[in-house]
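Shown next, in structure tokens, is the structure this report addresses.
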Amino acid sequence: ESYDKFRGYYNFEPRFCNRGQGHEKGGVEGLVGYARRNYMVPVPKSDSLEELNQRLLKDCLSYGGHQIGGREHTVNELYEKEKGDLLSLPDIQFSNLETAGCKVDKYSTVMVDKNRYSVPTAYAYCKVRVVLYVDEVEIFYGSKKIASHGRLFGNNKWSLLPEHYLELILKRPQAFESARVIRQWRSNWPVCLERLLDKFCQKQGYTKGVKEFILVLMLYKGHSAEAIESAVETALSSGAGSSQAVKHILIHRECGRDQSFSALENWQTFPAPDVSIYGQIGGGR
């Protein structure tokens, strides 16, 4: 069914070889073998499917300069001649996707292809629509997209986005240490965040300190990790002890006003003035 949609979208008539008779399409089989030997040996390693595809695209484009034995022209030159016989591609690329209806569970996740993907906690127990691409999963509530994840491969894996849970943890700070999403994130976050958490808890007590720290974590939703962590380092070195100080540094830098910063508590203070002298005005009345 999916292939029929693909064929209909690009308006071509397929021509199949007989089952198990690869020699009937020897050119295709030969190119598969060439690509495997030249581009897949040794087995490539990449951080993402996108990175791997970019590498393969570069390799395939370089093949355009190759001249096949017995041919007078390169692959690119022959392709330019063949272009006139090819159908033009539509402006919008065919989307090879699957859709499914799911219900969000008590963990604020949906199960898709034996793996779990998070959504904001406000949608717990709601019915949602999942759009599954080769490398991405999108989750919709009605017409609103509420979550987007890189697709997981394998079984029983969890893709949890901290931004989906921080508002709930802010209301329940005692759950901070045990929350799965925090434990996963905490195993990889930089030392400066751990130092900031310790400072907040020492200054304000555990509950208030954790809540103050979560306000800093919420900044990740709208700002880059590099910018936030740089602001945290500045706040720590200057003795600042609040989420507002981190936010202040962050926003000023993004506005191009990267000025020196000193925490308010470090500023010199002066004794309150003696206002009793004003009572002498008007004859002491």
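If one takes the longest principal axis of the Cα atoms in the chain, at what angle in degrees, from 0 to 90 and to the nearest 10, does the Cα axis of helix 243-254 lie? Approximately 60 degrees, to the nearest 10.
Relative to the longest principal axis of the Cα atoms of the chain, the long axis of helix 26-39 makes an angle of roughly 40 degrees. Assuming a ≥ b ≥ c are the square roots of the Cα gyration tensor eigenvalues, decide whether the range 166-263 counts as rounded (a/c under 1.5), prolate (otherwise, with a/b larger than b/c) or oblate. Judged from the Cα gyration tensor, the range 166-263 comes out prolate (a/c at least 1.5, a/b above b/c).
Between the range 161-201 and the range 69-126, what's the alpha-carbon centroid distance in Å? Using only Cα atoms, the two centres lie 34 Å from each other.
Report, in degrees rounded to the nearest 10, the 0 to 90 angle that the Cα long axis of helix 191-204 makes with the longest principal axis of the chain. Tilt of helix 191-204: around 30 degrees. Checking the a/c ratio against 1.5 first, then a/b against b/c, what shape does the Cα gyration tensor give for the chain? Prolate, because a/c is 1.5 or more and a/b exceeds b/c. From the Cα gyration tensor of the range 98-159, with a ≥ b ≥ c the square roots of its eigenvalues, which class applies: rounded if a/c is under 1.5, or else prolate if a/b is larger than b/c, or else oblate? Cα axes put the range 98-159 in the oblate bin. Under a model in which nothing but the beta-carbon of Lys, Arg (+1) and Asp, Glu (-1) is charged, the range 1-109 shows a dipole of about 340 debye around its Cα centre.
Computed from the coordinates by the stated procedures, all read-outs in this text should not be read as laboratory data. Because the structure is predicted, anything quoted here is derived from the model rather than measured. Quick reminder, even Gly has a Cβ in these numbers, built from the backbone with ideal geometry, and neighbours come from all protein chains shown.
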